[in-house]
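Just below is one structure, and these are the notes that go with it.
The values are calculated or read from the model by the stated rules, or taken from the named source; none is laboratory data. Fair warning: this is a prediction, and the values are worked out from it, not measured in the lab. Here Cβ is always computed from backbone atoms with ideal geometry, including for glycine, and neighbour counts include all displayed protein chains.
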Amino acid sequence: MPEVLSNKKDPIKQETPDESKPLKFWQHLEKLRWHIIRIFLAIAGLAVLAFFNREIIFDKIILAPLKSDFPTNLFLCNIGKMLSIASLCIDTSSLKIINVSMSGQFLTHLSISFVAGVIMAFPYIIFEIWSYVSFLFKIKNKSTGTLAILTGTTLFIIGVLFSYYLIVPLTVNFLGTYFVSNDVQNTVTLSSYINTITSLVLAVGLVFELPLLVFILSRFGLVGPGFLRKKRKYMIVVIFVLAAIITPPDVVSQMMVAVPLLLLYEVSIWVAAFAGLYGKKVLKEK
């Protein structure tokens with residue numbers, strides 16, 4: 001009888017492995033939740049700061065590309081005078097921005113404050129994302145994390161500045177001064193202008209993260225330089241389609257976005273090769 005009992009499996013010990021799986025899942029979910037909460041708090045805090053600096057956000061940044069003394073406008077106008085091309089002098093004085101909704105300006109103020117909060121908090125956002133990724137995939141190399149955060153922040157800032165100082169002025173000039181007839185004047189709503197500016201700036205800033213994304217995927221063996229080279233011709237088509245989506249329907253703006261993206265893709269191939277060599281080096285050290 002004792003032998004029979006000893007051969008029976010303890011039901012508690014049988015259930016323990018099954019119960020640990022959902023517990024581990026909820027632990028990961030709880031950790032992700034706190035990362036999201038901290039990101040939201042950082043964005044909210046900086047959004048409040050932007051909200052109380054309305055003059056700087058709107059007069060000095062958002063509406064600045066409309067003015068003739070905007071750095072890009074001055075530069076292009078000087079080039080136009082040197083080459084005797086008057087069309088390079090951007091003149092958006094005929095463009096009138098109006099508000100047609102009772103709560104339009106207040107809601108616009110809120111949305112722009114949030115976007116400003118996202119842009120200012122982006123380094124911290126990348127830090128939190130990388131913290132969770134490194135926890136998820138058990139990455140303990142601190143130098144890799146520091147490199148990823150610095151690179152991601154730098155690429156995003158370059159993308160935002162590139163869009164703001166080059167694409168946005170040309171977009172505003174093209175769309176704001178385009179006439180189908182002299183009898184039709186352009187009067188743009190505030191929400192339309194704001195949506196155009198913010199979508200261009202954020203979209204280009206995020207697209208410039210391509211090398212960092214490729215580096216991460218390469219570190220986990222999901223892509224490699226050979227794969228990227230083989231897909232180059234398809235990516236050229238994708239890049240031009242993407243440029244057509246995030247820019248207005250003019251060839252100049254599309255080329256201004258597509259060319260840097262093509263260069264970033266070529267850089268990503270070298271990044272993938274570097275990530276592969278770096279991964280092998282780490283494995284040898286272990």
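Descriptive notes on the structure:
- Among the residues of the range 265-281, those identified as in contact with a helix residue (DSSP H, G or I) (Cβ under 7 Å, 6 or more places away or on another chain) and at pLDDT 70 or above are TYR265, VAL267, SER268, ILE269, VAL271, ALA272, ALA273, ALA275.
- Applying the criterion of at least 1 residues that are small (Gly, Ala, Ser) and within 30 Å of GLN105 (Cβ to Cβ) to the helices (runs of 4 or more DSSP H) found wholly in the range 141-223 leaves 142-162, 168-176, 190-207.
- Residue check for SER68: in the same structural domain as PRO169 (by TED's automatic domain parsing), over 30 Å from ARG33 (Cβ atoms) and touching a residue at least 12 places away in the same chain (Cβ under 8 Å): yes
- Some residue of the range 76-96 being at pLDDT below 80, in a helix (DSSP H, G or I) and surrounded by 14 or more Cβ atoms within 10 Å (Cβ to Cβ): yes
- Whenever a residue of the range 221-235 is under 22 Å from ALA258 (Cβ atoms), it has no partner that is loosely packed, with under 13 Cβ neighbours inside 10 Å and of a type outside the set (Asp, Glu) lying with C-beta atoms less than 7 angstrom away and at least six residues away or across chains.
- Qualifying residue in the range 195-214 (condition: surrounded by fewer than 16 Cβ atoms within 10 Å (Cβ to Cβ), free of Cβ contacts under 8 Å to residues at least 12 places away in the same chain and closer than 14 Å to PHE162 by Cα): no
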